[in-house]
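Take a look at the structure below.
The values are calculated or read from the model by the stated rules, or taken from the named source; none is laboratory data. Note that the structure is a prediction, hence the values are computed from the model and not measured. Glycine gets a Cβ as well: all are built from the backbone with ideal geometry, and neighbour counts include every protein chain shown. Ligands, DNA and RNA are stripped out before the accessible areas are found, and what is left, the full protein with its side chains, is counted by its heavy atoms. Shrake-Rupley method; radii C 1.70, N 1.55, O 1.52, S 1.80 Å.
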Amino acid sequence: MNAAHNSWGRSIFQRATWWTLAALAIGLTGSARAESSGGLTAGNFAVRLTVTSVQAQGNYGPTRPAAGHQFLVLAAKWENRIDAKLADERGLAPAYGVPDLGMHLYLVTDGAHRGELRGNLDDGSGHQSLDGIMLGKPGAPIAGDIVFEIPAGKYTSADLRFYDDTAGDFSLALAGSTVETRPLQPAQKNAVGEFAVFALTDPDRTVNAPRGFRAIAVDLRGRSDWLATKEAPAYDPSVTPGTTVKRVNLLDWTEVRQYLTVVADGAYAFPPADGGELPDVPRFIPDFFTGWRIVFFVPADAHSLELVAEMPHAGTDEGTIDLPPVRLPLTGKSLAPAAFSAPLSIKDEMFAVSIASRRTATFAGEPAGEGKQFIILDVGVMNTGETGEFFQPAEQLLMIDADGSELPPDGVTAQGAHRPMDRVHFAPHTFRRFETAYQVDASVAHPKLSYHGGSFMQVYELAPVQ
């Protein structure tokens, strides 16, 4: 947790290696009420927000939203409501500000879609949408539009959530009542949140899948329920300074494309593909299951599909914690990896590797070329250790060519139906399988593999290949 000067509330996000868990106060939840002016208002111990109108728009001045989206424009007024006497007694700043509203203020439509706050948009008359606020003293106001980008079309409910661990958090219902939808299967929980699949399209014919694959679209949603013991909001007059409370957290999932996979038939892992809605750093908030439509390419003949969310080395205020994978079945029965016996076995410090091989003139529809052949490795890897580890096929599995040089996997590997990820992550005691292809000289009759392990390098003769 990085704390900023009290006049700016508090910076609420901490950088972490993989998952980021950022603590926020839940000591106060303000509820919205109608005012005589016709607006809705809610607040915490330091600020009051009044929304006087909510309007869906196809543009904001010259700016248009992304395809399939619209702007939701909130005419808003913020007012500093800090108790000046309390601030003076506790040595707190009488000013209040939020430099980045997008880190504190969240809009959720239909209980599922979290809008993106769009600050600094010009409305065409010289006014810009708010991206932050600064209220210099008690009673100081600021007015302006708050603009969110949301999915196009009608929505039945719209809810605001504001989180601040120094001044408290509040909620504001802007429209309708959220109707809870049920996931396809019960949500799975770990120590920080709940996650579930709410829709599955298999196959998704709106996306062109590569040869040998089919596209699927997964509606993955999650919500944070991770609590930490923190100091109560400093501006809360009902508590003694230094009092601790349980605070809810926001979850940032960095490197999500490395740790979110669909596992086919219990062994083959595939990361998110282009064409979905998955952001680079998904953020999960409390109260609502929010998420995204995520596209995956899986083998066309795959029967069992399971969504696996891996969450190693989560950074928290208390240090780093390791979380077990969350497994969400999609189609078919979740399978244990089939037994894989192969002529070559290699024992690394943390991996048990099994390798079978074959030769072919074509792979994934591509010819090896004149004077060349493809050597295909069918690789099974088990992490035998107690911590998550990475296996890197392009750096650890190299073929020896006719001239003695080491060859990495050929680019055609990426076209194979069982292609590996660039870096394959293995949770403890996890098995994965994949194929790598090498273009070698046709004169190579007895292929050799150069294996680069954690602390050794060894050349192995492959069993006779057909």
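With only Cα atoms counted, the stretch 304-413 has Rg and Dmax values of 18.4, 60 Å. Short to long, the 5 Å bins of the Cα pair-distance histogram for the stretch 96-154 hold 4, 17, 23, 21, 18, 11, 5, 2, 0 percent of all pairs. Taken along its principal axes, the alpha carbon cloud of the stretch 155-219 reaches lengths of 55, 32, 22 Å, longest axis first. Approximating the spin labels as points 7 Å out from Cα along Cα→Cβ, the Phe390-to-Asp422 distance works out to 0.9 nm. Its alpha carbons considered, the chain gives a radius of gyration followed by a Dmax of 27.0, 88 Å.
Panel values: the stretch 296-369, Kirkwood radius from alpha carbon pairs, Stokes-Einstein at 20 °C and 1.002 mPa s, translational diffusion coefficient 127 µm²/s. Here Val179 and Lys246 are evaluated by their C-beta separation; at R0 = 25 Å the FRET efficiency comes out at 0.30.
Taking 0.36 nm per residue of separation and subtracting the Cα-Cα distance, full extension of the segment from Ser341 to Val459 would add 40.5 nm.
Counting charges near Ala140 (Lys, Arg +1; Asp, Glu -1) among other residues having Cβ under 12 Å from its Cβ returns a value of +3. Here the chain exposes an accessible surface that is 49 percent carbon and sulfur, computed with a 1.4 Å probe and the other protein chains kept in place. Hand me the GluC sites (Glu not before Pro) from the stretch 136-216 located in a DSSP loop with no more than 11 other Cβ atoms within 10 Å, in residue order please. The qualifying sites are Glu180.
With a simple spin-label model that places each label point 7 Å from the Cα along the Cα-to-Cβ direction, the separation between Lys189 and Lys333 comes to 2.8 nm. Remark: spin-label model distance Gln57-Asp83 equals 3.9 nm, labels positioned 7 Å along the Cα→Cβ axis. Could you work out the helix-only [θ] at 222 nm for the chain, with each DSSP H run of four or more residues adding -39,500 (n - 2.57) and the total divided by the number of residues, to the nearest 500 deg cm²/dmol? Result for the chain, helices only: -500 deg cm²/dmol.
Once the C-beta distance of Glu318 and Ser443 is scaled by a Förster radius of 60 Å, the resulting FRET efficiency is 0.50 to the nearest 0.05. What aspartates and glutamates could a cross-link reach from Lys230, if we take a straight Cα to Cα line under 14 Å and drop same-chain neighbours fewer than 8 places away? Qualifying aspartates and glutamates at Cα under 14 Å: Asp164, Asp165, Asp317, Glu318. With one equal scatterer per alpha carbon and no solvent term, the Debye-computed log10 I(q)/I(0) for the stretch 178-300 at 0.12, 0.13, 0.16 1/Å reads -0.56, -0.63, -0.84. In the context of the full set of protein chains, the chain has a per residue accessible area of 44 Å² (1.4 Å probe). Going Cα to Cα from Lys77, which lysines come in below 25 Å? Please leave out same-chain ones fewer than 8 positions away. The qualifying lysines are Lys85, Lys137. For the stretch 353-455, applying the loop criterion from DSSP together with a ceiling of 14 other beta carbons within 10 Å to the trypsin sites (Lys or Arg not before Pro) yields Arg423. Peptides 102-111, 255-264, 437-446 ranked from most to least packed by the mean count of surrounding Cβ atoms within 10 Å: 102-111, 255-264, 437-446. Near the amide H of Leu278, within less than 5 Å, lie the amide hydrogens of Val295, all on another chain or at least 5 residues away, with H placed in the peptide plane. Once the mean of 1/r is taken over each pair of separate Cα atoms and inverted, the stretch 425-466 shows a Kirkwood hydrodynamic radius of 13.1 Å. Under 24 Å Cα-Cα from Lys347, which lysines qualify once same-chain neighbours fewer than 8 residues away are excluded? Partners within reach: Lys448. Length available on full extension from Lys372 to Thr254: 0.36 nm per residue minus the Cα-Cα distance, which gives 38.3 nm. Each Lys and Arg adds +1 at its Cβ and each Asp and Glu adds -1 at its Cβ; summed about the Cα centre, the chain shows a dipole of about 960 debye.
Dividing the alpha-carbon radius of gyration of the stretch 34-172 by the rule-of-thumb value 2.2 N^0.38 Å gives 1.09. Enclosing the Cα atoms of the stretch 65-136 in their convex hull gives a volume equal to 128 cubic angstrom per residue.
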